[in-house]
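Everything below concerns the one structure shown next.
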Amino acid sequence: MDTHSSDKRHSHYRSYYNNERYRKGEMSMERYITRGIDNYLPEALQQQLWKIVSYREHEQSKEQVTDYFHIFQFNMYSDQLYIKHKQERPDYVKIHKANYKQPINTNKVYVIREDDVGFSYYVMLLPEEY
């Protein structure tokens, strides 16, 4: 698979928006999306999910408990798309109004934080790519 990232360990992911980095404390974290996300999730929703993850990670850092696995489910209701954000540790559910009003071709997206030795990053992917 082709990639826009020079890191060969993660060649099956495309770096999000030209190697944009996310600041978590003092650590800089790269964001990656899979081909499925690139093809099936509108960019406006990708950006909104990254903001939700960023806010939740900041919120969790205050609690000193961080869950690496974010689950997003999409539902249309009265011509409006809603995002249900879930995590297991601690148990967390929050509904967000999407910044997108059209139906989409997927009903679930994962965002996973990978914490390798000396290198951490996020991956946004479809469940079938997990």
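The values are calculated or read from the model by the stated rules, or taken from the named source; none is laboratory data. These numbers were taken from a predicted model, which means no experiment stands behind them. Please note: Cβ atoms are built from the backbone with ideal geometry, for glycine as well, and neighbour counts cover all protein chains shown. Remember, those area values only see protein heavy atoms, side chains included, never the ligands or the DNA or RNA. Shrake-Rupley method; radii C 1.70, N 1.55, O 1.52, S 1.80 Å.
Comparing Cα centroids, the range 35-62 and the range 84-130 end up 7 angstrom apart.
The candidates GLU128, GLU57, arranged from most to least accessible area with a 1.4 Å probe in the full protein assembly, appear as GLU128, GLU57.
Rolling a 1.4 Å probe across all protein chains gives SER61 an accessible area of roughly 50 Å².
In this structure the amide hydrogen of TYR92, modeled in the peptide plane, comes within under 5 Å of the amide hydrogens of GLN87, none closer than 5 places in sequence on its chain. Residues THR106, THR66, sorted by accessible area with the largest first, give THR66, THR106 [1.4 Å probe; ligands and nucleic acids excluded]. Simple spin-label estimate for TYR82 and ILE104 gives 1.6 nm between the two label positions (7 Å along the Cα-to-Cβ direction from each Cα).
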